[in-house]
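Step one of this worksheet: look at the structure below.
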Amino acid sequence: MKLKYSIAWDVLAGLLTWFLVFALALYLSWPHEQLWSLWPWVVPLFLLNGAGFYIVTRSDERHGPLPRFAFICYILQLLSALALNWILPWDFLAILSIIWVSVLPYLVSMRIAVFITTALLGLWYGVDSALEQRSMWITGLLFSSFHFFALLMKNQARSEQRAKQELQQTHQQLLATQDLLMIASQQQERSRIARDLHDVLGHHLTALTINLQVAGHLTEGEAKAKVDQCHQIAKLLLSDVRESVSALREHQQFSIYQALEKLLTAVPGVKVQWDCPQDAELADVKVAQQLLLIVQEALTNTLRHSQATEFYLSVKPVDGFLLLTIDDNGTVAQGWKPGNGLTGMKERVASCAGTLVWQIKDNHFNLQVTLPSGLQL
């Protein structure tokens, strides 16, 4: 069973480093009786620092703006690290700020992360120098290199994670498209067989029936009875062929549930909740392909722009149409304007004689798409 919040290896390494700094600070403080009076402050500050780091990083997918509570914890993590550095006389406490900086690439762009790190280092060692009345440029330079190293490594790890997510998403799209092409190939083969049965076998059986009918008028006695019997059998055979052709042409629907299952299973970066009847079908491969591309584009927009953690999709057959409702729990940026993604979705829907309506509900983007199913009611 997978836990809701699993501890990633980098988070585990950060917690272990925090614990070692905590233990080392207490160990070095033990011989100094003048520092014992600070323990009622030091211990809670260390615990606050570790708890803040865990709360911010407990989710496997750390990206975009933090929830309010997590953001407060992140600020408290930094303030507790600063307080510990100014209370205790140990230079290695700067490791706590390295741990704090390592989360920045998941939250802001690299340029902003570098700016924040530079400001933090200036504040950290500027106040340190003022309090201790000594130059700290060597220590500051050394630990600054550690800060930027952690920042660059985390940014690289984040970039690799994004590339892996995009690759997995593309792989799922290819699987869904592969299934669609396989079904389309099966449909074309059934159509070919139905056409051959109708044009070749049906034609010959019709000619045979006519000839047997003529032969029935030209014969008498026992021979006429046999010819009439063959005529009835030929008519039944022709009727069976026509029914088989009709059955082949009627059962050419695409399972929307099966295609969406390939596309939406284990999407990296967002939790997908979708509802679609297992008997939902489309009769046109073009409409089925456009439907998959529309859902894929909506999912991509959610991952790239809304900073959402959950994606919702509902598919309902209604009076010969499929009604798609797409939503997420992300937020719409101020001054947002429709881009190429939404324009492309409109064009896809229009090519299928469908409709697309979008609106912003409670600062969440909501999309409703109606596509013809092509099935006879």
Check whether at least one residue in the stretch 177-196 is in a helix (DSSP H, G or I), hydroxyl-bearing (Ser, Thr, Tyr), modelled with pLDDT under 70 and over 30 Å from Val270 (Cα atoms), and report yes or no. yes
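In the list Ala70, Ala23, Ala13, which residue meets the criterion of being at pLDDT 90 or above and in a helix (DSSP H, G or I)? Spell out how you get there, then give the answer.
On the way: Ala70 fails: at pLDDT 90 or above; Ala13 fails: at pLDDT 90 or above.
Sole residue among the options that is at pLDDT 90 or above and in a helix (DSSP H, G or I): Ala23.
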The stretch 38-67, residues that are open to solvent by 30 Å² or more (accessible area, probe 1.4 Å), small (Gly, Ala, Ser) and modelled with pLDDT of 90 or more: Ala51
Conditions (1) open to solvent by less than 90 Å² (accessible area, probe 1.4 Å); (2) on the phi < 0 side of the Ramachandran plot; (3) modelled with pLDDT of 65 or more -> Gly221 fails only (2)
Has the stretch 310-330 got at least one residue that is within 24 Å of Thr265 (Cα to Cα), in contact (Cβ under 8 Å) with a residue 60 or more places away in the chain and part of a strand (DSSP E or B)? yes
Residue identified as of a type in the set (S, T, N, Q) and either at pLDDT 85 or above or within 19 Å of Leu260 (Cα to Cα) (or both) among Gln376, Gln290: Gln290
Do we have any residue at all in the stretch 336-357 that's at pLDDT below 80, aliphatic (A, V, I, L, M) and in a loop (DSSP other than H, G, I, E, B)? no
Selection within the stretch 98-126 - over 17 Å from Trp86 (Cα atoms), without any contact (Cβ under 8 Å) to a residue 60 or more places away in the chain and buried (at least 20 other Cβ atoms within 10 Å of the Cβ): Val101, Val103, Leu104, Pro105, Tyr106, Ala113, Thr117
Residue pairs qualifying under the 6 Å Cβ cut-off, at least six apart or on distinct chains, with the first in the stretch 32-49 being closer than 15 Å to Leu96 by Cα and touching a residue at least 40 places away in the same chain (Cβ under 8 Å) and the second being of a type in the set (A, V, I, L, M) and loosely packed, with under 15 Cβ neighbours inside 10 Å, are none
Could you please find all residues in the stretch 307-319 being touching a strand residue (DSSP E or B) at 6+ places or on another chain (Cβ under 9 Å), modelled with pLDDT under 80 and surrounded by fewer than 21 Cβ atoms within 10 Å (Cβ to Cβ)? Thr309
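The values are calculated or read from the model by the stated rules, or taken from the named source; none is laboratory data. Note that this is a predicted model, so its numbers are computed, not measured. Backbone-built Cβ (ideal geometry, glycine too); neighbour counts: all protein chains shown. For the accessible areas, the whole protein counts, side chains as well, though only heavy atoms, and no ligand, DNA or RNA atoms are used. Shrake-Rupley method; radii C 1.70, N 1.55, O 1.52, S 1.80 Å.
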